[in-house]
1. Can you tell me how many residues in segment 42-78 are surrounded by 15 or more Cβ atoms within 10 Å (Cβ to Cβ), touching a residue at least 12 places away in the same chain (Cβ under 8 Å) and not acidic (Asp, Glu)?
2. Kindly check whether there is at least one residue in segment 211-224 that is among the aliphatic types (A, V, I, L, M), touching a Lys or Arg at 6+ places or on another chain (Cβ under 8 Å) and surrounded by 21 or more Cβ atoms within 10 Å (Cβ to Cβ).
3. From Gly157, Gly164, Gly201, which residue is more than 16 Å from the chain's Cα centre (by Cα), on the phi > 0 side of the Ramachandran plot and at pLDDT below 95?
4. Here is a check on your reading of the model: is His98 within 25 Å of Leu13 (Cα to Cα) and touching a Lys or Arg at 6+ places or on another chain (Cβ under 8 Å)?
5. Taking segment 97-115 on its own, how many of its residues are out of contact with any helix residue (DSSP H, G or I) (no Cβ under 9 Å at 6 or more places or on another chain) and at pLDDT 95 or above?
6. Filter segment 15-32 for residues that are touching a helix residue (DSSP H, G or I) at 6+ places or on another chain (Cβ under 7 Å) and over 13 Å from Ser209 (Cβ atoms) and give the result.
7. Can you work out which of the residues in segment 79-90 that are of a type in the set (A, V, I, L, M), in a helix (DSSP H, G or I) and touching a strand residue (DSSP E or B) at 6+ places or on another chain (Cβ under 8 Å) is surrounded by the most Cβ atoms within 10 Å (Cβ to Cβ)?
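The values are calculated or read from the model by the stated rules, or taken from the named source; none is laboratory data. Note that this is a predicted model, so its numbers are computed, not measured. We place every Cβ from the backbone using ideal geometry, glycine too, and count neighbours over all the protein chains shown.
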Amino acid sequence: MVIDSHVHVGESLFGYKLTVEELLSCMKECKIDKAIISPVKPRNYHFEPENDFIANCVKEFPDKFIGFGRIDPWQKEKALEEIDRCIKTLKFKGLFLHPWEESFLVNGKLLYPVMEKAMEYNIPVMISGGHVRVSEPLQIGDIAGEFPKVNIIATSGGQINICGMALYDAENMLTENKNVYLETSGIYRQDFIENMIRKLGSFRVLYGSNAPVMDIRYEIMRATTARISDEEREDILGRSISKLVKDEE
């Protein structure tokens, strides 16, 4: 089974958008069986309706979508209540956090109550990685070290700086914290993905597209063209994320 571990559905405040119909069409074209979907940043800044929208998408297409909730840590107690609702009522399998769009330090104390909630529910937390000063690889490593029982998915390989220096930090983030998983969207060096699979194991690397910011048709090739074994490819294309979110199928 092929699972895209990182997709956003809706129309973002920042201009990008993806409809359910467009996503399903692209999934069919790329032979993707399922996708983990989470909200975009809405124009009204309120995530509750967006989480409801994601839940409705999952309800309508339960064989195609797995839902992750999104919250703004700055809302503090309200954010924690929304996590409760996302897990208990909406039946989501994880959380998505965007330190850049919500303007918070991923290794700051503000996030601690959110991580404690994630630990309470035993759910993974996906973090938009690599943003300067808020979610650089070593910062993600910091929060992972503080909460070793919480599985963290670092998107974009934990870094989006193509100078190459951040790759060393990303590798350090992964080797020092066994609870951090690498998501592949936007990683510009194929050999980095291959090296991380060799060093860490294929179960620590997850295919994700970050659609609609990135193009699914392009991003899936990071997994399908990697110079790895068929067994390893099955892991990164779906088997690993399926275990991480406890998908029943």
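1. Selection size over segment 42-78: 18.
2. Let us first name the residues in segment 211-224 that are among the aliphatic types (A, V, I, L, M), namely 211, 213-214, 216, 220-221, 223.
Right, trim to touching a Lys or Arg at 6+ places or on another chain (Cβ under 8 Å) and you get 223.
Now narrow it down to the ones that are surrounded by 21 or more Cβ atoms within 10 Å (Cβ to Cβ): 223.
For segment 211-224, residues among the aliphatic types (A, V, I, L, M), touching a Lys or Arg at 6+ places or on another chain (Cβ under 8 Å) and surrounded by 21 or more Cβ atoms within 10 Å (Cβ to Cβ): present.
3. Working: Gly157 fails: more than 16 Å from the chain's Cα centre (by Cα); Gly201 fails: at pLDDT below 95.
When all the criteria are applied, what remains is Gly164.
4. Numbers: within 25 Å of Leu13 (Cα to Cα): yes; touching a Lys or Arg at 6+ places or on another chain (Cβ under 8 Å): yes.
Taking the combined requirement at face value, the residue satisfies it.
5. Final tally of qualifying residues: 1.
6. Val20
7. Residues of segment 79-90 that are of a type in the set (A, V, I, L, M), as a first pass: 79-80, 83, 87, 90.
Narrowing further to those that are in a helix (DSSP H, G or I): 79-80, 83, 87.
From what's left, touching a strand residue (DSSP E or B) at 6+ places or on another chain (Cβ under 8 Å): 83, 87.
On the way: Ile83: 22, Ile87: 20.
Going through the qualifying residues, I end up with Ile83.
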